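In what follows, a single structure is set out as structure tokens and then discussed.
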Amino acid sequence: MESDNPKEGKERLRIEQNGVTPEIYKVVRKSVGMPEYKKEDVEAALAHTLFSVVIWEGKRPVGIGRVIGDGRVAFFIKDVATVPDRQGKGIGTMVMEQLMAYIRDVGAENAYVGLMALKGKENFYRKFGFHVRPFKNEGSGMTQYLNEPSDLVQ
């Protein structure tokens, strides 16, 4: 699929489903300051990905995202990233539209879809129906990075 959006510049954008490789993963994530992982860890993680998408501008990957989970009732959106010089051009929206279309296609009725937004990016995900927790009967979302010191542990 190619974009005809004039905001995208002269290069046409191309969507590649299930095309995230360890090299693409590392390059795009590093460009936005996301934590880096060893190659063997990235390979193992990608091997367990349910669905992924790469947005290409010419021969350059400019956006990625992936879905992990059980494939029916629980999905988690991970690694949505757009290279800095292409942010604000609709690439992240293209990624999310692809990820959500996949989940709607394979997910059970009332499937759970979660994600953890980077600070300040919550409004971007609201466009896709996500809400910030706590919300209604939902408590706060919680996370933990292994080996990261926590000032909350007593």
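The values are calculated or read from the model by the stated rules, or taken from the named source; none is laboratory data. Here the structure is a predicted model, which is why all the values come from computation and not from measurement. FYI the Cβ positions are ideal-geometry reconstructions off the backbone, even for glycines, and counts take in every protein chain you see. For the accessible areas, the whole protein counts, side chains as well, though only heavy atoms, and no ligand, DNA or RNA atoms are used. Shrake-Rupley method; radii C 1.70, N 1.55, O 1.52, S 1.80 Å.
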Sequence order, the range 76-88: Karplus ³J(HN,Hα) from phi using 6.51 cos²θ - 1.76 cosθ + 1.60, θ = phi - 60°, Hz rounded, Gly and Pro as x, gives 9, 8, 10, 6, 6, 8, 10, 4, x, 6, 10, 5, x
Starting from the amide H of ALA74, placed 1.01 Å from N in the peptide plane, find each other amide H under 5 Å away whose residue is 5 or more places distant or on another chain. TYR112
Label-to-label distance, nm, for residues given as ALA101 and GLU138 (7 Å Cα→Cβ offset): 2.4 nm
Peptides ranked, highest mean first, by Cβ atoms within 10 Å: ranges 135-147, 65-77: 65-77, 135-147
Mean Cβ-within-10 Å packing, highest first, puts peptides 39-45, 119-125, 24-30, 12-18 in the order 24-30, 12-18, 39-45, 119-125
Would you work out what percent of the accessible area of the chain, with all protein chains in place, is carbon or sulfur (probe 1.4 Å)? 51 percent
Dipole magnitude (debye, nearest 20) for the range 42-135, charges at Cβ of Lys, Arg, Asp, Glu: 300 debye
